[in-house]
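Asks: Here it is, the structure in full.
The values are calculated or read from the model by the stated rules, or taken from the named source; none is laboratory data. Because the structure is a prediction, the values reported are computed rather than measured. Cβ: placed from backbone, ideal geometry, glycine included. Neighbour counts: every protein chain shown.
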Amino acid sequence: MTDIPKTKYGAAVCLFKGEEVYLSQRQWNQLHFSNLWQFVHGYVKGDYERYADAAVRIVRNEAGIVLPVQRLCYIKSLMLNNEFYYTYFVHLNENETPAAPTAEQLAFRGAFVSFPLQRAINLMLVPGLEKMLRMTLKTLARTKPPVIEEERNAWSCMADYD
């Protein structure tokens, strides 16, 4: 009898500041996608945590940035191996910068590095992220960064793509 791997569910967040995107590089010893660049990401807790709430928690835990769910902009979902992610982007304020990784985090990834969006698209990225960065670049060209105090629906800020 073959064991079918259980799908894991998570959230990933692309952090932007102006025309720059923050990415971290996976360590060389990771089973999947070693040395590739990635967004902030993690798994949904339990069966009842909403994806957007998971994204806010993950950004707080992984990058040290506290933000309300209204600042998230949904990009699209992504399936990697047996992991399913809802993916978002968020515009950071001038005073918001990802924190240095803890010793525990350094076992899995390096520090966050800021790249111009056009350059980030050409990095060795975790599969699926190049398309998401291109979609985000297209959306940023057509929209203004959201007003932070404005209450918005986290699902409605991306342009339509097929």
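Asks: Given 27, 38, which one is in contact with a strand residue (DSSP E or B) (Cβ under 8 Å, 6 or more places away or on another chain), under 24 Å from residue 67 (Cα atoms), at pLDDT below 90 and surrounded by 13 or more Cβ atoms within 10 Å (Cβ to Cβ)?
Replies: Details: 27 fails: under 24 Å from residue 67 (Cα atoms).
Going through 27, 38 in turn, just one is in contact with a strand residue (DSSP E or B) (Cβ under 8 Å, 6 or more places away or on another chain), under 24 Å from residue 67 (Cα atoms), at pLDDT below 90 and surrounded by 13 or more Cβ atoms within 10 Å (Cβ to Cβ): 38.
Asks: Looking at (1) at pLDDT below 90; (2) within 14 Å of residue 20 (Cα to Cα); (3) surrounded by 14 or more Cβ atoms within 10 Å (Cβ to Cβ), which one does residue 33 not meet, given that it meets all the others?
Replies: The one condition residue 33 does not meet is (2).
Asks: Step by step: first the residues of segment 78-99, then only those that are assigned to a strand (DSSP E or B) and of a type in the set (Ser, Thr, Tyr), then the one that is surrounded by the most Cβ atoms within 10 Å (Cβ to Cβ). Which residue is that?
Replies: The qualifying residue surrounded by the most Cβ atoms within 10 Å (Cβ to Cβ) is 88.
Asks: Among residues belonging to segment 34-77 that are assigned to a helix (DSSP H, G or I) and polar (S, T, N, Q), point out the one that is farthest from residue 135 (Cα to Cα). Before the answer, list the steps.
Replies: Taking segment 34-77 as the starting set, the residues that turn out to be assigned to a helix (DSSP H, G or I) are 51-63, 69-71.
Checking the rest, the ones that are also polar (S, T, N, Q) come to 61, 70.
Working: 61: 26, 70: 20 Å.
Ranking the qualifying residues of segment 34-77, first place goes to 61.
Asks: Still on this structure, I have one more. Tally time: how many residues in segment 103-123 are exposed (fewer than 15 other Cβ atoms within 10 Å of the Cβ), at pLDDT below 90 and either assigned to a loop (DSSP other than H, G, I, E, B) or of a type outside the set (A, V, I, L, M, F, W, C) (or both)?
Replies: Count: 4.
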